[in-house]
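The values are calculated or read from the model by the stated rules, or taken from the named source; none is laboratory data. Here the structure is a predicted model, which is why all the values come from computation and not from measurement. For neighbour counting, all protein chains shown are included, and Cβ atoms are generated from backbone atoms with ideal geometry for every residue, glycine included. Remember, those area values only see protein heavy atoms, side chains included, never the ligands or the DNA or RNA. Shrake-Rupley method; radii C 1.70, N 1.55, O 1.52, S 1.80 Å.
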Amino acid sequence: MDVTKIRELIKQLARLDYHNMYLNDFFLTWEKSEDEILATFTVAEILRGLRLQNISSRIFDSGLAISLFRDQSTRTRFSFASACNLLGLEVQDLDEGKSQVAHGETVRETANMVSFMTDVIGIRDDMYIGKGHTYMVEVAQAVKEGFLEGGLEQRPTLVNLQCDIDHPTQSMADMLHLLNSFGGVEKVKGKKIAMTWAYSPSYGKPLSVPQGIIGLMTRFGMNVVLAHPKGYEVMPEVEEVAKRNAAKSGGSFVKTDSMAAAFEKADIVYPKSWAPFAAMEKRTDLYGKGDSEGIKALEKQLLAQNAKFKAWECTEKLMSSTHEGSALYMHCLPADITGVSCAQGEVEASVFDRYRVPMYREASYKPYIIAAMIFLSKIKNPADTLGRLLEKAIPRIF
Amino acid sequence: MDVTKIRELIKQLARLDYHNMYLNDFFLTWEKSEDEILATFTVAEILRGLRLQNISSRIFDSGLAISLFRDQSTRTRFSFASACNLLGLEVQDLDEGKSQVAHGETVRETANMVSFMTDVIGIRDDMYIGKGHTYMVEVAQAVKEGFLEGGLEQRPTLVNLQCDIDHPTQSMADMLHLLNSFGGVEKVKGKKIAMTWAYSPSYGKPLSVPQGIIGLMTRFGMNVVLAHPKGYEVMPEVEEVAKRNAAKSGGSFVKTDSMAAAFEKADIVYPKSWAPFAAMEKRTDLYGKGDSEGIKALEKQLLAQNAKFKAWECTEKLMSSTHEGSALYMHCLPADITGVSCAQGEVEASVFDRYRVPMYREASYKPYIIAAMIFLSKIKNPADTLGRLLEKAIPRIF
Amino acid sequence: MDVTKIRELIKQLARLDYHNMYLNDFFLTWEKSEDEILATFTVAEILRGLRLQNISSRIFDSGLAISLFRDQSTRTRFSFASACNLLGLEVQDLDEGKSQVAHGETVRETANMVSFMTDVIGIRDDMYIGKGHTYMVEVAQAVKEGFLEGGLEQRPTLVNLQCDIDHPTQSMADMLHLLNSFGGVEKVKGKKIAMTWAYSPSYGKPLSVPQGIIGLMTRFGMNVVLAHPKGYEVMPEVEEVAKRNAAKSGGSFVKTDSMAAAFEKADIVYPKSWAPFAAMEKRTDLYGKGDSEGIKALEKQLLAQNAKFKAWECTEKLMSSTHEGSALYMHCLPADITGVSCAQGEVEASVFDRYRVPMYREASYKPYIIAAMIFLSKIKNPADTLGRLLEKAIPRIF
């Protein structure tokens, strides 16, 4: 991406209306307008362009970014760290477990106490249905109030690094990958994408990926198919979002319980395991009651249920039924690869291998998406500021 | 705070004598002269002013700050991280437990081995009477020698982030809050501040906060009352410091075992639980002997003793007895709030709630106090350097 | 070191041929040419000179450095952090244990997933014979491929922070200490260095230090003596390297089982404990089989074997037999000091004490050596870039 292209993107950005993102949070993609979503992609691409040109996009001379991971994370942790570092923020982990930053008053207080010089808070909390998103909103509200009441000198904005409902940094990175693979917004219109369940020998993979995908890709006029065995339903509210999106964008949203039907003539396939929504709700209840025996029993039952659907595997045969036999295979990684990371899993090794490079590229967009979210929430005139970064052209590596 | 005000503060700073702070440590507030204390407040306010004006006060282009927390910490950890980040230092945690950085030769060696590019060392070690301060002095001495002998290229200076004797970053932030709330050094003279014990259902809260408060506030001509039930004495040496300070500053230092007497007509109240000094000494001995049964028994005994003093609570009724019924309520946080964080605690919920915003502001000064301590120990001509930062006016956010 | 001296070093650097270090890894010193080794020393000295002149050598405006420590570390951790910070890189620890970043596909994937904005990866993996170096090569290969295939925008280069074969950042810091102590490359020629085993009450100290020393010091025309009791052999491959080096450089490489013979007329002594190579191989096998009983038995047997050689101690008496009774004593630290850190150990306290300051200086070179390795692998025209840093003269402390 050369300087001319970057200039063009900055001009495109200037034409979009995203003023509402300034000093605001990023929870769910469907709370954002079309222009706001496009602005995020555009800023991500501009930041990528600047870095490829060895131009610094360090907009913070100092400032902290807090990360709070309530679930183990390597990939998202490094994506967040990369994004913050790119912009000049230093990441500080808030390693609180579930005890100290817990309920009511304490969330408000702790959130404020760590935020005196904090510009961004990134949270991953995807383990319990009905909890993660609620917690993020509570933290964001607490520091917003702290700012408005004068306790904080700046408003820390929140970036959802995965909650129980959505995984916006993943779905946005995935979508940017599609835009760059197919050639832009006009080219993805009418394309068929199969978001489909796949068998995994492990238990309780989060729902936020399939939900994020159907909640976002339906906004681009795509034909989105959600496929899973009966019993593996996602949250009904998100299905409603997908339906509304499809109606508005001129695409479609269809459900099926056949992996083969989903793959048929698909342009893009996204086969991935997840846990049933109803079971995850039950687990949250059991967890709330401290019923560890109940949780163990549920886990056993779910693994047995999974095992009935070992045929849900992304095979070469299935791939050959896609559009021209060469649908773009996607995965948020890590995948359960048959014969590699498990005896039988989500995908045949040869399929996975063939798409390794594009998948790495898919993942490479995430730091830029996170950086774009931060940029748009912290900078008042992003197009102007990006233009000045380009002109100043401070080298990233001297 | 506008640029004119910042300029004025820089002029005030230039008139103070604080040359002895350069390349020196900050252990206890009473080891510092009046001018040195005032210089710290002034630099803290200038740094705050610069940040409010979006002006960078990044004086380090590179450099490490080591943090060593021998007690769990969230607030102080983030305050230290914020202060260091503001000035351009990167924090590296020294997570050694008590084994490797232990006794004699090893303290000297490890302190030097981690300090080759270290400008500041911040330590929190408040758990054991007679240990924390001693350890800090040992570390500071080790790296001072390392510097003088030529092993280190710069002298890392030590910031006491809480020891067994004093908690200077807390008491200084508290005092700056008073100065800003009441309108300056002249206005706090003659004000009555009640540093009083309060009931908590938990065990072993450090003495360094009340000690820090009576050791610092007595220097400002204030009438300082220390109130606690019999048996909750603080370190006698610090009481001596408070007496001497009061005599010199024209204030007073009085002790009482009545919370009501302390609150009567007080302008400021600071109700907070702490453990008795004698019991903490005993615990240190038991710990030294590895007598965990003895420690358990002591804990049980102290909780039973605490329970006799549940009446020591900061209630609305007590608050109404203060000056015009509206004393400034202070707390270092987190507080034990009756009916919120515990069944019965240090303060009634309605009192706490009314003062939440000022308390958050109180806490917000700590990063600036720490940054000021670092600034004064690492920069030879602080007034000059701050003036240059103001003129250069590099934006914190581009 | 003044500016004139720095300029001279930059000129010296420009005359060396080290183009092959650019975008390359640093695994073993003997894989590098003479010029590449000299270039590393020269850049280290230039960076040290710049810092002593308060001139920033921050070449990265943003960028991550990943550290992966498979063995506990304080000294190396802080050396790596210092080096990265000096150049402007932010360290992110990859704290994966042995499970997630494990074998085959996963190493490749994880290495790429964390490296989207990573410039350097530093790994310490010295615990198991045949594993550490192999693992580092695998990681480096994975990200090299990721870069070449287009998944990564830059190539992260690897710095070996200690493997089973070599400890290049240690041996290079040690050698730079010798060069500066004796007055340069010409002056160390013909000097006798005794790399000798010494008794320690602990078990399983890595072989990489003695191997690193004999693998590097033999390149400088020195007379290198490796002394150890029978049964404490190092890896035969590295002895072969040492022999070849000595033949080429005009020095010598001799083995002996007498500490006294090694010390006799030595100019430099490096007495240090290590575990026998054969035993370490056995331990790796036992570990692979999960035979923890076998490991315990082996440990017991090795400690008993060690105890037979308590006479292998660096005493004043032995020191007096060295050249003019004043050989330079070296140690990578921490040392087992008789009567200080253990009842009986590697060195008499009075010897250790006398050399404490030079040893601290020896250790102080490590951050610069690491920074030089990074510099040479990431900057295309190092002499030119260093010249520009010197001219620009941005202060490290404002």
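The table below gives the values:
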quantity: Every residue from region C:373-398 that is assigned to a helix (DSSP H, G or I) and within 14 Å of chain B (Cβ to nearest Cβ); calculated: C:Ile374, C:Phe375, C:Leu389, C:Lys392
quantity: Subset of region A:129-159 (residues that are over 27 Å from B:Tyr368 (Cα atoms) and buried (at least 19 other Cβ atoms within 10 Å of the Cβ)); calculated: A:Ile129, A:Gly132, A:His133, A:Tyr135, A:Met136
quantity: Residues located in region C:142-158, provided they are within 11 Å of chain A (Cβ to nearest Cβ), part of a loop (DSSP other than H, G, I, E, B) and charged (D, E, K, R); calculated: C:Glu149, C:Glu153
quantity: Residues of region A:69-87 classified as open to solvent by less than 10 Å² (accessible area, probe 1.4 Å) and at pLDDT 95 or above, total; calculated: 9
quantity: Residue tally, condition open to solvent by 10 Å² or more (accessible area, probe 1.4 Å) and either under 23 Å from C:Pro395 (Cα atoms) or among the aliphatic types (A, V, I, L, M) (or both), over region B:339-386; calculated: 10
quantity: Matching residues, region B:296-323, being buried (at least 17 other Cβ atoms within 10 Å of the Cβ) and hydrophobic (A, V, I, L, M, F, W, C); calculated: B:Leu298, B:Leu302, B:Phe309, B:Trp312, B:Cys314, B:Leu318, B:Met319
quantity: C:Ile6, sole failed condition from (1) under 30 Å from C:Pro395 (Cβ atoms); (2) touching a Phe, Trp or Tyr at 6+ places or on another chain (Cβ under 9 Å); (3) among the β-branched types (Val, Ile, Thr); (4) touching a residue at least 40 places away in the same chain (Cβ under 8 Å); calculated: (2)
quantity: Selection from region B:179-221 of residues that are without any contact (Cβ under 8 Å) to a residue 40 or more places away in the chain, in contact with a helix residue (DSSP H, G or I) (Cβ under 6 Å, 6 or more places away or on another chain) and not in a helix (DSSP H, G or I); calculated: B:Gly221
quantity: Identity of the residue in region A:263-294, within 21 Å of A:Gly132 (Cα to Cα), among the small types (Gly, Ala, Ser) and part of a helix (DSSP H, G or I), that ends up farthest from the chain's Cα centre (by Cα); calculated: A:Ser292
quantity: Hits in region C:231-262 - residues which are charged (D, E, K, R) and either modelled with pLDDT under 95 or in a strand (DSSP E or B) (or both); calculated: C:Lys255
quantity: Pairs where the first residue, in region C:325-348, is within 14 Å of C:Lys272 (Cβ to Cβ) and within 11 Å of chain B (Cβ to nearest Cβ) and the second is acidic (Asp, Glu) and surrounded by 22 or more Cβ atoms within 10 Å (Cβ to Cβ), C-beta under 7 Å, 6+ apart; calculated: C:Leu333/B:Glu109; C:Pro334/B:Glu109; C:Ala335/C:Glu346
quantity: Matching residues, region C:146-161, being in contact (Cβ under 8 Å) with a residue 12 or more places away in the chain, within 28 Å of the chain's Cα centre (by Cα) and over 15 Å from C:Glu31 (Cα atoms); calculated: C:Gly146, C:Gln154, C:Arg155, C:Pro156, C:Thr157, C:Leu161
quantity: Unmet criterion (only one of (1) surrounded by fewer than 24 Cβ atoms within 10 Å (Cβ to Cβ); (2) within 14 Å of chain B (Cβ to nearest Cβ)) for C:Ser33; calculated: (2)
quantity: Options A:Ala44, A:Ala39: the member that is buried (at least 23 other Cβ atoms within 10 Å of the Cβ), touching a residue at least 12 places away in the same chain (Cβ under 8 Å) and within 14 Å of chain C (Cβ to nearest Cβ); calculated: A:Ala44
quantity: Any hit, region B:97-111, residues being more than 12 Å from every other protein chain (Cβ to nearest Cβ), open to solvent by 10 Å² or more (accessible area, probe 1.4 Å) and touching an Asp or Glu at 6+ places or on another chain (Cβ under 8 Å); calculated: no
